[in-house]
1. What's the exposure ranking of GLU97, GLU45, going from fewest to most Cβ atoms within 10 Å?
2. In the neighborhood of ASN61, defined by Cβ-to-Cβ distances under 10 Å, what is the net charge if each Lys or Arg adds +1 and each Asp or Glu adds -1?
3. Between TRP53 and GLN92, how many nm apart are label points set 7 Å from Cα along the C-beta direction?
4. Please compute, for the alpha-carbon atoms of segment 33-99, the extent along each of the three principal axes and give them in descending order in Å.
5. Picking from TYR57, TYR44, ALA83, whose Cα lies most toward the positive end of the charge dipole for segment 33-99 (charges on Cβ: Lys, Arg +1; Asp, Glu -1)?
6. Let's see if you can work this out: charge +1 on each Lys and Arg Cβ, -1 on each Asp and Glu Cβ, no other charges. What is the dipole magnitude of segment 33-99 about its Cα centre, in debye to the nearest 20?
Amino acid sequence: MIEDSIPLTTKRFQMPSPGNAEATKQPTEKVDHPAHYGGKDNAYEHIKVSDAWGLNYRLGNATKYICRAGKKSDNAIEDLKKARWYIDSEIQRLEAEAATDTTPGAGTLHPG
């Protein structure tokens, strides 16, 4: 059971010790508004943009991986492949939806 007094977000930080230069660095936020997604004070932080645009799960993940490519790790190619996977998945979903729906505009993101 999780106690109410435990915060939902945690920061990794090692107490300084003699000869431990790494421990004197500022903690790196891994959960609540991490830098590789834009950070809390950035108006273009991915979650803010995704919510503002009303992106579904697949498109939100695709843009997330595009936004963080090369920032969370040095492997931008892996992030871009993940983005492509989500985009392909959304295309397949829309094509399947359009194949079974005869409503004008079916299969488009913004029918109009």
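1. Ordered from fewest to most neighbouring Cβ atoms within 10 Å, GLU97, GLU45 come out as GLU97, GLU45.
2. Value of the local net charge: +2.
3. Label-label distance for TRP53 and GLN92, simple model: 2.2 nm.
4. For segment 33-99, the Cα spread along each principal axis is 43, 27, 11 Å.
5. Of TYR57, TYR44, ALA83, it is TYR44.
6. Value, rounded to 20: 180 debye.
None of the figures in this text is laboratory data; all of them are computed from the coordinates on show. As the structure is a prediction and not an experimental result, all values here were calculated from the model. As a convention, Cβ positions derive from the backbone with ideal geometry for all residues, glycine included, and neighbour counts pool all protein chains shown.
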